[in-house]
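Novice: Got a structure here, written out as C-alpha coordinates. Questions coming.
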(Lines give C-alpha, C1' and ligand atoms only; values in the text may rest on other atoms or scores of the structure.)
Protein backbone atom coordinates (compact mmCIF):
# COMPACT_ATOMS: atom_id res chain seq x y z
CA UNK A 1 0.00 0.00 0.00
CA UNK A 2 2.85 2.36 0.94
CA UNK A 3 4.61 1.62 -2.36
CA UNK A 4 1.43 2.42 -4.28
CA UNK A 5 1.06 5.75 -2.46
CA UNK A 6 4.73 6.51 -3.13
CA UNK A 7 4.35 5.76 -6.85
CA UNK A 8 1.22 7.90 -7.11
CA UNK A 9 3.05 10.74 -5.38
CA UNK A 10 6.06 10.42 -7.67
CA UNK A 11 3.87 10.38 -10.78
CA UNK A 12 2.02 13.44 -9.47
CA UNK A 13 5.29 15.28 -8.91
CA UNK A 14 6.51 14.29 -12.37
CA UNK A 15 3.34 15.60 -14.04
CA UNK A 16 3.53 18.83 -12.01
CA UNK A 17 7.19 19.26 -12.95
CA UNK A 18 6.46 18.72 -16.63
CA UNK A 19 3.60 21.24 -16.48
CA UNK A 20 5.79 23.84 -14.75
CA UNK A 21 8.64 23.18 -17.16
CA UNK A 22 6.34 23.63 -20.16
CA UNK A 23 5.00 26.86 -18.67
CA UNK A 24 8.49 28.26 -18.06
CA UNK A 25 9.57 27.25 -21.58
CA UNK A 26 6.70 29.18 -23.16
CA UNK A 27 7.40 32.17 -20.92
CA UNK A 28 11.05 32.08 -21.97
CA UNK A 29 10.23 31.87 -25.69
CA UNK A 30 7.65 34.65 -25.32
CA UNK A 31 10.23 36.92 -23.67
CA UNK A 32 12.78 36.10 -26.38
CA UNK A 33 10.28 37.14 -29.03
CA UNK A 34 9.53 40.41 -27.25
CA UNK A 35 13.21 41.25 -26.70
CA UNK A 36 13.97 40.69 -30.38
CA UNK A 37 11.15 43.04 -31.36
CA UNK A 38 12.30 45.82 -29.03
CA UNK A 39 15.82 45.74 -30.49
CA UNK A 40 14.65 46.78 -33.96
CA UNK A 41 12.30 49.72 -33.39
CA UNK A 42 11.82 52.31 -36.16
CA UNK A 43 9.21 54.99 -36.96
CA UNK A 44 6.27 53.05 -38.38
CA UNK A 45 3.54 55.71 -38.51
CA UNK A 46 1.69 56.55 -41.73
CA UNK A 47 2.05 60.01 -43.36
CA UNK A 48 -1.53 60.85 -42.39
CA UNK A 49 -0.83 60.56 -38.66
CA UNK A 50 -0.43 63.90 -36.86
CA UNK A 51 0.94 64.18 -33.32
CA UNK A 52 -0.32 67.15 -31.31
CA UNK A 53 2.33 67.26 -28.59
CA UNK A 54 1.05 68.52 -25.23
CA UNK A 55 -1.64 70.46 -27.09
CA UNK A 56 -5.05 69.43 -25.77
CA UNK A 57 -6.04 71.02 -22.45
CA UNK A 58 -7.58 68.86 -19.74
CA UNK A 59 -9.00 71.70 -17.68
CA UNK A 60 -9.92 69.74 -14.56
CA UNK A 61 -6.30 68.52 -14.35
CA UNK A 62 -4.81 71.89 -15.37
CA UNK A 63 -2.63 69.93 -17.78
CA UNK A 64 -2.20 69.32 -21.49
CA UNK A 65 -2.21 65.98 -23.24
CA UNK A 66 -0.58 64.64 -26.39
CA UNK A 67 -3.03 63.29 -28.95
CA UNK A 68 -2.24 61.25 -32.09
CA UNK A 69 -4.72 61.72 -34.94
CA UNK A 70 -5.00 59.50 -38.01
CA UNK A 71 -7.05 60.37 -41.08
CA UNK A 72 -7.57 57.95 -43.99
CA UNK A 73 -5.42 58.30 -47.15
CA UNK A 74 -8.33 59.74 -49.14
CA UNK A 75 -9.30 62.32 -46.49
CA UNK A 76 -7.56 65.34 -48.06
CA UNK A 77 -8.59 64.56 -51.64
CA UNK A 78 -12.30 64.66 -50.84
CA UNK A 79 -13.63 67.71 -49.04
CA UNK A 80 -17.15 66.44 -48.36
CA UNK A 81 -17.02 62.89 -46.98
CA UNK A 82 -17.53 62.50 -43.24
CA UNK A 83 -16.01 59.61 -41.30
CA UNK A 84 -16.73 57.47 -38.24
CA UNK A 85 -14.38 58.16 -35.32
CA UNK A 86 -12.55 55.72 -33.06
CA UNK A 87 -11.11 57.03 -29.77
CA UNK A 88 -8.27 54.81 -28.54
CA UNK A 89 -7.01 55.05 -24.96
CA UNK A 90 -3.31 54.31 -24.38
CA UNK A 91 -3.18 55.95 -27.80
CA UNK A 92 0.59 56.29 -28.09
CA UNK A 93 0.52 52.61 -29.01
CA UNK A 94 -1.83 53.08 -31.96
CA UNK A 95 0.41 53.99 -34.92
CA UNK A 96 4.13 54.06 -34.19
CA UNK A 97 6.63 51.60 -32.68
CA UNK A 98 8.89 54.48 -31.63
CA UNK A 99 6.11 56.40 -29.89
CA UNK A 100 5.09 53.24 -28.08
CA UNK A 101 8.65 51.99 -27.53
CA UNK A 102 7.29 48.62 -28.55
CA UNK A 103 5.02 47.01 -31.13
CA UNK A 104 2.32 49.42 -32.29
CA UNK A 105 -1.20 48.16 -32.96
CA UNK A 106 -0.98 48.96 -36.70
CA UNK A 107 -4.30 50.76 -36.67
CA UNK A 108 -3.19 52.98 -39.56
CA UNK A 109 -2.02 49.99 -41.62
CA UNK A 110 -5.33 48.19 -41.10
CA UNK A 111 -7.39 51.21 -42.19
CA UNK A 112 -5.03 52.04 -45.07
CA UNK A 113 -5.66 48.51 -46.35
CA UNK A 114 -9.40 49.02 -46.01
CA UNK A 115 -9.07 52.23 -48.03
CA UNK A 116 -7.15 50.49 -50.81
CA UNK A 117 -9.92 47.88 -51.02
CA UNK A 118 -12.71 50.45 -51.13
CA UNK A 119 -14.02 49.53 -47.68
CA UNK A 120 -15.13 51.82 -44.85
CA UNK A 121 -12.40 53.96 -43.32
CA UNK A 122 -12.35 55.98 -40.11
CA UNK A 123 -10.62 58.79 -38.26
CA UNK A 124 -8.74 57.52 -35.19
CA UNK A 125 -7.86 59.65 -32.17
CA UNK A 126 -5.19 58.13 -29.93
CA UNK A 127 -5.08 59.76 -26.50
CA UNK A 128 -1.75 59.26 -24.75
CA UNK A 129 -1.77 57.79 -21.27
CA UNK A 130 -1.29 60.04 -18.25
CA UNK A 131 1.72 60.02 -15.98
CA UNK A 132 -0.60 58.58 -13.33
CA UNK A 133 -2.25 56.10 -15.67
CA UNK A 134 -3.83 54.02 -12.94
CA UNK A 135 -5.72 57.00 -11.47
CA UNK A 136 -6.96 58.17 -14.87
CA UNK A 137 -8.03 54.69 -15.88
CA UNK A 138 -9.89 53.89 -12.66
CA UNK A 139 -13.55 54.97 -12.76
CA UNK A 140 -14.36 54.85 -9.05
CA UNK A 141 -12.32 55.82 -5.99
CA UNK A 142 -11.34 52.66 -4.13
CA UNK A 143 -8.85 51.48 -1.51
CA UNK A 144 -6.23 50.68 -4.16
CA UNK A 145 -6.57 54.04 -5.87
CA UNK A 146 -7.86 56.87 -3.67
CA UNK A 147 -6.89 59.39 -6.38
CA UNK A 148 -9.00 57.73 -9.09
CA UNK A 149 -10.62 60.18 -11.51
CA UNK A 150 -11.66 57.98 -14.42
CA UNK A 151 -15.21 59.31 -14.35
CA UNK A 152 -13.97 62.89 -14.74
CA UNK A 153 -11.58 61.84 -17.51
CA UNK A 154 -14.48 60.16 -19.33
CA UNK A 155 -16.53 63.35 -19.13
CA UNK A 156 -13.59 65.33 -20.54
CA UNK A 157 -13.19 62.96 -23.47
CA UNK A 158 -16.91 62.81 -24.28
CA UNK A 159 -17.33 66.59 -24.14
CA UNK A 160 -14.18 68.71 -24.54
CA UNK A 161 -12.07 66.38 -26.67
CA UNK A 162 -14.98 65.15 -28.80
CA UNK A 163 -16.06 68.75 -29.45
CA UNK A 164 -12.53 69.65 -30.58
CA UNK A 165 -12.36 66.68 -32.95
CA UNK A 166 -15.87 67.22 -34.34
CA UNK A 167 -15.14 70.93 -34.88
CA UNK A 168 -11.86 70.41 -36.72
CA UNK A 169 -12.40 67.19 -38.68
CA UNK A 170 -15.13 65.88 -40.94
CA UNK A 171 -16.62 63.44 -38.48
CA UNK A 172 -19.88 61.56 -38.23
CA UNK A 173 -20.93 62.78 -34.79
CA UNK A 174 -23.70 60.30 -33.94
CA UNK A 175 -23.17 57.58 -31.35
CA UNK A 176 -23.50 54.76 -33.89
CA UNK A 177 -20.47 56.24 -35.70
CA UNK A 178 -18.37 56.71 -32.54
CA UNK A 179 -16.24 53.95 -30.99
CA UNK A 180 -14.27 53.84 -27.74
CA UNK A 181 -11.37 51.39 -27.50
CA UNK A 182 -8.60 50.38 -25.15
CA UNK A 183 -6.41 47.59 -23.86
CA UNK A 184 -5.79 46.14 -20.41
CA UNK A 185 -6.72 48.84 -17.90
CA UNK A 186 -7.90 51.12 -20.70
CA UNK A 187 -9.84 48.16 -22.10
CA UNK A 188 -11.72 48.16 -18.83
CA UNK A 189 -12.22 51.92 -19.30
CA UNK A 190 -13.63 51.30 -22.77
CA UNK A 191 -16.25 49.08 -21.13
CA UNK A 192 -16.92 51.71 -18.46
CA UNK A 193 -17.23 54.56 -20.96
CA UNK A 194 -19.61 52.58 -23.15
CA UNK A 195 -21.81 51.98 -20.11
CA UNK A 196 -21.49 55.49 -18.65
CA UNK A 197 -21.96 57.37 -21.95
CA UNK A 198 -24.22 55.29 -24.19
CA UNK A 199 -25.45 58.46 -25.87
CA UNK A 200 -21.89 59.19 -27.08
CA UNK A 201 -20.44 55.75 -27.85
CA UNK A 202 -22.29 53.36 -30.08
CA UNK A 203 -19.44 50.84 -30.27
CA UNK A 204 -16.58 49.52 -28.15
CA UNK A 205 -13.30 47.63 -28.61
CA UNK A 206 -12.82 46.02 -25.20
CA UNK A 207 -9.44 44.29 -25.38
CA UNK A 208 -7.91 42.34 -22.47
CA UNK A 209 -10.01 44.34 -19.97
CA UNK A 210 -8.59 44.61 -16.44
CA UNK A 211 -11.94 44.25 -14.73
CA UNK A 212 -10.25 43.23 -11.48
CA UNK A 213 -9.71 46.97 -10.85
CA UNK A 214 -13.31 47.19 -9.57
CA UNK A 215 -15.17 44.21 -10.99
CA UNK A 216 -18.25 44.25 -8.77
CA UNK A 217 -19.20 47.87 -9.42
CA UNK A 218 -18.31 47.64 -13.10
CA UNK A 219 -20.39 44.53 -13.71
CA UNK A 220 -23.44 46.01 -11.99
CA UNK A 221 -23.54 48.80 -14.59
CA UNK A 222 -26.44 48.18 -16.94
CA UNK A 223 -27.79 49.47 -20.24
CA UNK A 224 -31.42 49.09 -21.22
CA UNK A 225 -32.42 47.00 -24.22
CA UNK A 226 -33.27 50.25 -26.00
CA UNK A 227 -29.78 51.68 -25.30
CA UNK A 228 -28.15 48.50 -26.61
CA UNK A 229 -30.20 48.03 -29.75
CA UNK A 230 -27.80 49.79 -32.16
CA UNK A 231 -24.49 49.07 -30.43
CA UNK A 232 -21.62 46.85 -31.57
CA UNK A 233 -19.30 45.43 -28.92
CA UNK A 234 -16.06 43.57 -29.64
CA UNK A 235 -14.39 41.76 -26.72
CA UNK A 236 -11.01 40.01 -26.96
CA UNK A 237 -8.32 38.48 -24.77
CA UNK A 238 -5.08 36.59 -25.34
CA UNK A 239 -5.10 32.81 -24.94
CA UNK A 240 -2.20 32.88 -22.47
CA UNK A 241 -3.38 35.83 -20.37
CA UNK A 242 -4.91 33.27 -18.05
CA UNK A 243 -5.71 33.96 -14.40
CA UNK A 244 -8.69 36.26 -14.11
CA UNK A 245 -8.22 38.04 -17.44
CA UNK A 246 -9.78 35.38 -19.65
CA UNK A 247 -12.76 34.67 -17.35
CA UNK A 248 -13.48 38.39 -16.94
CA UNK A 249 -13.40 39.03 -20.69
CA UNK A 250 -15.78 36.12 -21.21
CA UNK A 251 -17.99 37.48 -18.42
CA UNK A 252 -18.43 40.78 -20.28
CA UNK A 253 -19.35 38.87 -23.44
CA UNK A 254 -21.88 36.74 -21.56
CA UNK A 255 -23.34 39.81 -19.87
CA UNK A 256 -24.29 41.38 -23.21
CA UNK A 257 -25.24 38.05 -24.76
CA UNK A 258 -27.74 37.51 -21.94
CA UNK A 259 -29.43 40.75 -22.96
CA UNK A 260 -30.08 39.32 -26.38
CA UNK A 261 -27.23 40.76 -28.47
CA UNK A 262 -26.61 38.52 -31.45
CA UNK A 263 -23.57 37.93 -33.67
CA UNK A 264 -24.23 41.10 -35.64
CA UNK A 265 -23.81 43.19 -32.47
CA UNK A 266 -21.53 41.18 -30.21
CA UNK A 267 -18.30 39.32 -30.88
CA UNK A 268 -15.74 37.56 -28.69
CA UNK A 269 -12.26 36.64 -29.90
CA UNK A 270 -9.64 34.56 -28.13
CA UNK A 271 -6.31 35.67 -29.64
CA UNK A 272 -4.54 32.34 -29.92
CA UNK A 273 -0.93 31.79 -28.83
CA UNK A 274 -0.66 35.33 -27.40
CA UNK A 275 -0.21 36.76 -23.92
CA UNK A 276 -0.78 40.22 -22.41
CA UNK A 277 1.16 42.43 -24.81
CA UNK A 278 0.90 44.63 -27.87
CA UNK A 279 0.97 41.96 -30.58
CA UNK A 280 -2.18 40.54 -29.00
CA UNK A 281 -3.93 43.90 -29.41
CA UNK A 282 -2.54 44.35 -32.93
CA UNK A 283 -4.14 41.06 -33.94
CA UNK A 284 -7.30 41.96 -32.04
CA UNK A 285 -7.73 45.30 -33.81
CA UNK A 286 -7.20 43.68 -37.21
CA UNK A 287 -10.16 41.39 -36.41
CA UNK A 288 -12.32 43.95 -34.65
CA UNK A 289 -12.08 46.89 -37.05
CA UNK A 290 -13.67 45.36 -40.17
CA UNK A 291 -16.39 43.75 -38.07
CA UNK A 292 -17.26 47.08 -36.42
CA UNK A 293 -17.35 48.84 -39.78
CA UNK A 294 -19.60 46.30 -41.52
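The values are calculated or read from the model by the stated rules, or taken from the named source; none is laboratory data. Note that the structure is a prediction, hence the values are computed from the model and not measured. Cβ: placed from backbone, ideal geometry, glycine included. Neighbour counts: every protein chain shown.
Novice: Looking at the range 85-157, what helices (runs of 4 or more DSSP H) fall wholly within it and have at least 1 residues that are in contact with a strand residue (DSSP E or B) (Cβ under 9 Å, 6 or more places away or on another chain) and over 14 Å from residue 187 (Cα atoms)?
Specialist: Working: elements: 97-100, 107-116, 133-136, 150-156.
Ranges flagged: 97-100, 107-116, 150-156.
Novice: How about the range 199-217: which of its residues are touching a helix residue (DSSP H, G or I) at 6+ places or on another chain (Cβ under 9 Å), surrounded by fewer than 20 Cβ atoms within 10 Å (Cβ to Cβ) and assigned to a helix (DSSP H, G or I)?
Specialist: 212, 215
Novice: Taking the conditions exactly as written (at pLDDT 95 or above, within 17 Å of the chain's Cα centre (by Cα) and either in a helix (DSSP H, G or I) or over 30 Å from residue 212 (Cβ atoms) (or both)), does residue 161 satisfy them or not?
Specialist: No; evaluated as a whole, the condition is false for this residue.
Novice: Going by the structure shown, is residue 194 within 28 Å of residue 100 (Cα to Cα), in contact with a strand residue (DSSP E or B) (Cβ under 9 Å, 6 or more places away or on another chain) and free of Cβ contacts under 8 Å to residues at least 40 places away in the same chain? So that I can check it myself, show each step before the final result.
Specialist: On the way: within 28 Å of residue 100 (Cα to Cα): yes; in contact with a strand residue (DSSP E or B) (Cβ under 9 Å, 6 or more places away or on another chain): yes; free of Cβ contacts under 8 Å to residues at least 40 places away in the same chain: yes.
Answer is yes for this residue.
Novice: So is residue 195 part of a helix (DSSP H, G or I), surrounded by 15 or more Cβ atoms within 10 Å (Cβ to Cβ), modelled with pLDDT of 95 or more and in contact with a helix residue (DSSP H, G or I) (Cβ under 7 Å, 6 or more places away or on another chain) or not?
Specialist: So residue 195 fails the test.
Novice: What do you reckon, is residue 284 in contact with a strand residue (DSSP E or B) (Cβ under 8 Å, 6 or more places away or on another chain), within 26 Å of residue 101 (Cα to Cα), outside any helix (DSSP H, G or I) and touching a residue at least 40 places away in the same chain (Cβ under 8 Å)?
Specialist: no
Novice: Can you name every residue in the range 246-256 that is touching a strand residue (DSSP E or B) at 6+ places or on another chain (Cβ under 6 Å) and surrounded by 17 or more Cβ atoms within 10 Å (Cβ to Cβ)?
Specialist: Across the range 246-256, the qualifying residues are 249, 252, 253, 256.
Novice: Now a separate question. If we keep just the residues of the range 73-113 that are over 20 Å from the mean Cα position of the chain (by Cα) and modelled with pLDDT of 95 or more, which is surrounded by the most Cβ atoms within 10 Å (Cβ to Cβ)?
Specialist: Only one residue tops the list, namely 83.
Novice: Which of the numbered conditions does residue 190 fail, given that it passes all the others? Conditions: (1) in a helix (DSSP H, G or I); (2) touching a helix residue (DSSP H, G or I) at 6+ places or on another chain (Cβ under 9 Å); (3) buried (at least 24 other Cβ atoms within 10 Å of the Cβ).
Specialist: It fails just one condition, (2).
Novice: Collect the residues in the range 218-244 that are in contact with a strand residue (DSSP E or B) (Cβ under 6 Å, 6 or more places away or on another chain) and in a helix (DSSP H, G or I), keeping them in residue-number order.
Specialist: 239
Novice: Could I ask something else about it? Which pairs do you get when a residue that is touching a residue at least 40 places away in the same chain (Cβ under 8 Å) and on the phi > 0 side of the Ramachandran plot, found in the range 207-236, comes within reach of a residue that is surrounded by 15 or more Cβ atoms within 10 Å (Cβ to Cβ) and part of a strand (DSSP E or B), reach meaning Cβ atoms under 6 angstrom, with the pair 6+ apart or on two chains?
Specialist: 208/183; 208/237
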